[in-house]
Amino acid sequence: MFHALQTALLLIFPVLVIGAALRDATSYTIPNWISLALVAAFPVAALALGLPLAAIGVSLAVGAVALVLGMIMFALRWIGGGDAKLFAAAALWLGLAPVGIYLAVTGVAGGALAVGLLGLRSTHVRPWLPARPAWLARLVEPGENVPYGVAICIGALAAFPASALMTHL
């Protein structure tokens, strides 16, 4: 029974980051409740999984540093506010060990996403794409932003198996 609860708590992370990515891709917004839910669920999951307090503290520090970095990227207009909050909330769950994986995969996924969208937004490809649904038409609209929450999701999911929560199981 307790193992089922632990598994359910661990599923919160992938479900919410995937939900954030889908929402960002379809509406260019990541609702605050997703990042808040990740932050609120972390201590519950960490305590239920028996994560040592020192590891919880390290995860909190990693999340705080990620929040500052996210705020800087937002101030430079590299990412949106929802992306910055999701970036930090995901880093909280990941902790220190997989931070290199998280940053590298997120960066590569963001670059690939940007290049892919540039290709889809080109004058050669865009006329062949359907005009519906409306979110797809907006996604391939030249000059639109990149839904970076998708890249954050890919990086977070790639790093999650090496997180303190998963390795402590």
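The values are calculated or read from the model by the stated rules, or taken from the named source; none is laboratory data. Not measured: the values here are computed from a predicted model. Methodologically, a virtual Cβ is constructed for each residue, glycine included, from the backbone with ideal geometry; neighbour enumeration extends over all protein chains shown.
Does Gly82 count as touching a residue at least 12 places away in the same chain (Cβ under 8 Å) and in a helix (DSSP H, G or I)? Give the derivation first.
Working: touching a residue at least 12 places away in the same chain (Cβ under 8 Å): yes; in a helix (DSSP H, G or I): yes.
In short, yes.
Within the range 111-169, which residues are in a helix (DSSP H, G or I), β-branched (Val, Ile, Thr) and surrounded by 14 or more Cβ atoms within 10 Å (Cβ to Cβ)? I'd like the intermediate steps shown before the answer.
First, the residues of the range 111-169 that are in a helix (DSSP H, G or I): 111-120, 126-128, 134-139, 149-162, 164-167.
This time we only want the ones that are β-branched (Val, Ile, Thr), so: 115, 150, 152, 154, 167.
Listed by number, the residues that qualify are Val150, Ile152, Ile154.
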Exercise. Looking at Gly50, Gly57, Gly100, Gly63, which one is outside any helix (DSSP H, G or I), over 19 Å from Ile18 (Cβ atoms) and either modelled with pLDDT of 95 or more or out of contact with any Lys or Arg (no Cβ under 7 Å at 6 or more places or on another chain) (or both)?
Worked result: Gly50
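Let's see how each residue does on (1) over 16 Å from Phe13 (Cα atoms); (2) more than 15 Å from the chain's Cα centre (by Cα):
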| site | (1), (2) |
| --- | --- |
| Ala46 | no, yes |
| Ala75 | yes, yes |
| Ile79 | yes, no |
| Ala88 | no, no |
| Pro98 | no, no |
For this session: May I ask you to list the residues in the range 8-17 that are loosely packed, with under 15 Cβ neighbours inside 10 Å and either touching a Leu at 6+ places or on another chain (Cβ under 9 Å) or more than 17 Å from Gly50 (Cβ to Cβ) (or both)?
Result: Leu11, Pro14, Val15
